[in-house]
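A short worksheet on the structure shown next.
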Amino acid sequence: MAILTEEITTTEINSAELAQRVAILKRFKILLSQQRERFRSYLDLLDKQQNVIESGSAEDLLTYVEIEEKIVADIFSIQKVIDPLEEMYNAVVSNQNPGKVQVSENGEEVPSLKASLEKLKNEAVVRSTKNKELLSKRMLELRQEITTLRNNPYAGAGRTAYSNSNKASLVDLQG
């Protein structure tokens, strides 16, 4: 019985399979690192966007929204590649010895990369929600300001405090 168990746990892999596993692992780590950097730049952008919302510059805000859309599109495109690669990675890891942990050349483990990426995702959601709330408040303030300006009898195109709504249409010049 002990001999049979020993034969099942010791698996030998050929060099092609090993190269494939290493390539999957390296590519997966690279993509996770890229995704992490995208989220860091997204968080920086959200911080700058918060300042712009508070200062009230509409043109600057529009610029930040456009940049934000590009970064989010990048994040989603990288995620589309990460998902199938993660499945391949999990299949490779499940075939290896369960006690073994894969470590990259610089000492960073895949689980720690994923954990830091998840932390950045959560922080991005919180900051994005905060910016949306700030933007909603700012838009409400602007709407109230516009309403106040529209109701102001001294403001408006062609209206003055001395104008009358009943204007004369003919003037007698002979008089």
### Message
Cβ-Cβ under 7 Å, sequence separation 6+ or interchain: first residue in region 30-46 and closer than 18 Å to D60 by Cβ, partner assigned to a helix (DSSP H, G or I) and polar (S, T, N, Q). Which pairs?
### Response
L46/S128; L46/N131
### Task
Determine, yes or no, whether V101 is touching an Asp or Glu at 6+ places or on another chain (Cβ under 9 Å), aliphatic (A, V, I, L, M) and modelled with pLDDT under 70.
yes
### Message
If I go through region 46-77 residue by residue, how many of them are assigned to a helix (DSSP H, G or I) and either open to solvent by less than 40 Å² (accessible area, probe 1.4 Å) or aliphatic (A, V, I, L, M) (or both)?
### Response
15
#### Entry: Qualifying position, being surrounded by fewer than 10 Cβ atoms within 10 Å (Cβ to Cβ), closer than 30 Å to G56 by Cα and modelled with pLDDT under 80, among G107, G158
G158
### Query
Among the residues of region 38-50, is there at least one that is within 14 Å of I82 (Cα to Cα), at pLDDT 85 or above and not hydrophobic (A, V, I, L, M, F, W, C)?
yes
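The values are calculated or read from the model by the stated rules, or taken from the named source; none is laboratory data. Since this is a predicted model, take the numbers as computed values, not measurements. Positions of Cβ are backbone-derived with ideal geometry, glycine not excepted, and every protein chain shown enters the neighbour counts. Please note that ligands, DNA and RNA were not included when accessible areas were found on the heavy atoms of the full protein model with its side chains. Shrake-Rupley method; radii C 1.70, N 1.55, O 1.52, S 1.80 Å.
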